[in-house]
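Below: one structure, written as structure tokens.
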Amino acid sequence: MRALTWQGRRDVRVETVPDPCIEKSTDIIVRITSTGICGSDLHLYEVLGPYLEPGDILGHEPMGVIEDVGQDVTALRKGDRVVVPFNVSCGHCFMCDRGLQSQCETTQVREYGTGASLFGYTKLYGQVPGGQAEFLRVPFGNRLPIQVPDGPPDDRYVYLSDVLPTAWQAVAYADVPPRGSVTVLGLGPIGDMATRVARHLGAELVIGVDLVPERLARAAGREVQVLDVSRYGKDLPDAIRDLTHGRGTDAVIDAVGMEAHGAPLARTAQWATGLLPGKIARTLMEHASVDRLAALYTAIDVVRRGGTISVSGVYGGAADPMPLLTLFDKQIQLRMGQANVKRWVPDILPLLTDEDRLGVDDFATHHLPLSDGPKAYARFQAKEDGMVKTLLKP
């Protein structure tokens, strides 16, 4: 089959690799019909090379049609249409029973002390072959896949793999009070969708912050008060307080993570670490790495006293400095973590079945063949061509 593979820093290629096959009796094989490029895929493209090997298959936002099932798969059959969550979770352990699929005890990567395995996402999370490919082996076939109806195009359901549950969890963790206010930092796919979810769940004031004109325009078209970082600069916190009676918003969602602009020294350190030999780079990242924390510091500044910060953007630093005095003084609640996909599907799926309440049908800005994957990564990383969300079509 053809698959998008990691070969080195800023070097991904479509190559011919062996087809996946049934390895356990509860496996299924899915023929991929759509697969997204996620903002966190850019971490693999740019920063997390020390945990990858040439030839690793990327991608964790796939859906498709079942081609084959193991002998003990009874919940699904060949020809069923499914979305594959990015968490590889068993569905019946202590953590899964509590809706914490991202902490699944069956697939935790104990070698690195990390949570549940993820499709297409480095040795830190199991080095499981990903879904930017023509076919994908999916374990736990009776419990993991999300069966969806035939009929509507893939765009209606593919975001159940990551974007929708990640945005939903970000808003749920933000705990916005009824008719309350929330600032969303970063209007990439997750931040954009989080503004939509927040509005749907009753937030009266949703402020979206970014510096990419196309992203700001998309959010502004959906009743979001947008603020351009490049215009406000250091005055951004004051601009947010001006919109909220001087207090700041009830909640802030950091949908940026380690890709935040600013902190040039941290950015240089991230870049240099990626050039070191693998073992040395891994040791440095595990014990001394520092993220660019501009977005998180902004969140701490602009949330009102007694408010909540929800972090959905991925951070990877092991030695990040945190302003604990300010967090304590402002009585800020802080929640974060990988999305627990299956936890939120029952809330989200009804919003997709009868009508497109969250605007998913036209959420993608680009639909490209898998063969254009390398170009798409480069353009997405450079924020070119109005690219916000790309779906690859194997």
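The values are calculated or read from the model by the stated rules, or taken from the named source; none is laboratory data. The structure presented is a predicted model; accordingly, all values stated were derived computationally and were not measured. Using ideal geometry, Cβ is built from the backbone for each residue, glycine included, and neighbour counts are taken over all protein chains shown. To get the accessible areas, we keep the full protein, side chains included, count just its heavy atoms, and leave off ligands, DNA and RNA. Shrake-Rupley method; radii C 1.70, N 1.55, O 1.52, S 1.80 Å.
How about the range 101-152: which GluC sites (Glu not before Pro) there lie in a loop by DSSP and see at most 13 other Cβ atoms within 10 Å?
Values: sites: Glu105, Glu111, Glu134; in loops: Glu105, Glu111, Glu134.
Those that pass, being in a loop and sparsely packed, are Glu111.
Where is the GNM fluctuation largest for the chain (alpha-carbon springs, 10 angstrom cutoff): Gln331, Gln127, Gln381?
Of Gln331, Gln127, Gln381, the Gaussian network model singles out Gln331 as fluctuating most.
In nm, to one decimal, how far is the modelled label at Asp320 from the one at Glu53, with both set 7 Å along Cα→Cβ?
2.9
At 222 nm, what value in deg cm²/dmol follows for the chain if DSSP H runs of at least 4 each add -39500 (n - 2.57) and the sum is divided by all its residues, to the nearest 500? Walk me through the intermediate numbers first.
Details: 14 runs with 110 residues, N = 394.
Computed ellipticity for the chain at 222 nm equals -7500 deg cm²/dmol.
Calculate what fraction, in whole %, of the accessible area of the range 62-215 sits on carbon and sulfur atoms when a 1.4 Å probe is rolled over the protein chains.
On the way: 2540 of 5380 Å².
Percent of accessible area from carbon and sulfur atoms in the range 62-215: 47.
Sort all Cα-Cα distances of the chain into consecutive 20 angstrom bins from zero, then give the percent of pairs in each bin up to the one containing the longest distance.
With a bin width of 20 Å, the distribution comes to 29, 60, 11, 0.
Please report, in whole Å, how far the alpha carbons of the range 332-394 spread along each principal axis, starting with the longest.
37, 36, 20
A 28 angstrom limit on the alpha carbon distance is what I want to check against. Which of Lys342/Lys389; Lys78/Lys383; Lys24/Lys123; Lys330/Lys389 exceed it?
On the way: Lys342/Lys389 22 Å; Lys78/Lys383 39 Å; Lys24/Lys123 21 Å; Lys330/Lys389 36 Å.
Going by Cα-Cα distance, Lys78/Lys383; Lys330/Lys389 fall outside the 28 Å limit.
Any idea what the relative contact order of the chain is, in percent, if you count C-alpha pairs under 8 Å spaced at least 6 apart?
On the way: 927 pairs, mean separation 72.7, N = 394.
Relative contact order of the chain: 18 percent.
Which of the peptides 359-368, 338-347, 15-24 is most tightly packed, and how do the rest follow, going by the mean number of other Cβ atoms within 10 Å of each residue?
Working: 359-368: 16.6, 338-347: 20.2, 15-24: 13.3.
The packing order, highest mean first, is 338-347, 359-368, 15-24.
Could you tally the net charge around Val69, taking each other residue with its Cβ under 10 Å from the Cβ of Val69, Lys/Arg +1 and Asp/Glu -1? Show your work: numbers first, answer last.
Numbers: positive: Arg77, Lys78; negative: Asp27, Glu67, Asp68, Asp72, Asp80.
Here the count lands on -3.
Return the single residue from Leu349, Leu216, Leu160 with maximal mean-square fluctuation; model: Gaussian network over the chain, springs between Cα atoms under 10 Å.
Looking only at Leu349, Leu216, Leu160, the largest GNM fluctuation is found for Leu349.
Would you mind getting me the FRET efficiency between Asp385 and Lys78? Use the beta-carbon distance for r and R0 = 45 Å, nearest 0.05.
Details: r = 38 Å, r/R0 = 0.85.
Given R0 = 45 Å and the Cβ-Cβ separation, E is 0.75.
For the range 19-148, count all C-alpha to C-alpha pairs, find those more than 18 Å apart, and express that count as a whole percent of the total. Please report the intermediate quantities before stating the final value.
Numbers: 4355 of 8385 pairs.
Considering the range 19-148, 52 percent of its Cα-Cα pairs are separated by more than 18 Å.
Sticking with the crude label model, points 7 Å out along Cα→Cβ, report the distance from Arg110 to Asp242 in nm, one decimal please.
Label-label distance for Arg110 and Asp242, simple model: 5.6 nm.
Between Lys375 and Arg231, how high is the FRET efficiency from 1/(1 + (r/R0)^6) when r is the Cβ-Cβ distance and R₀ = 30 Å? Nearest 0.05. Display every interim value, and only then the final one.
On the way: r = 31 Å, r/R0 = 1.02.
Here the calculated transfer efficiency is 0.45.
Going by alpha carbons, how many degrees (0 to 90, nearest 10) lie between the helix axis of 264-273 and the longest principal axis of the chain?
The angle comes out near 20 degrees.
Name the residue, out of Ala75, Ala239, Ala198, whose mean-square fluctuation peaks in a Gaussian network model built on the chain with Cα pairs under 10 Å.
In this elastic network of the chain, the residue with the biggest mean-square fluctuation among Ala75, Ala239, Ala198 is Ala75.
So for the range 1-97, taking the charge dipole from beta-carbon charges (+1 Lys/Arg, -1 Asp/Glu), which of Pro54, Gly64, Cys21 sits furthest toward the positive end?
Gly64
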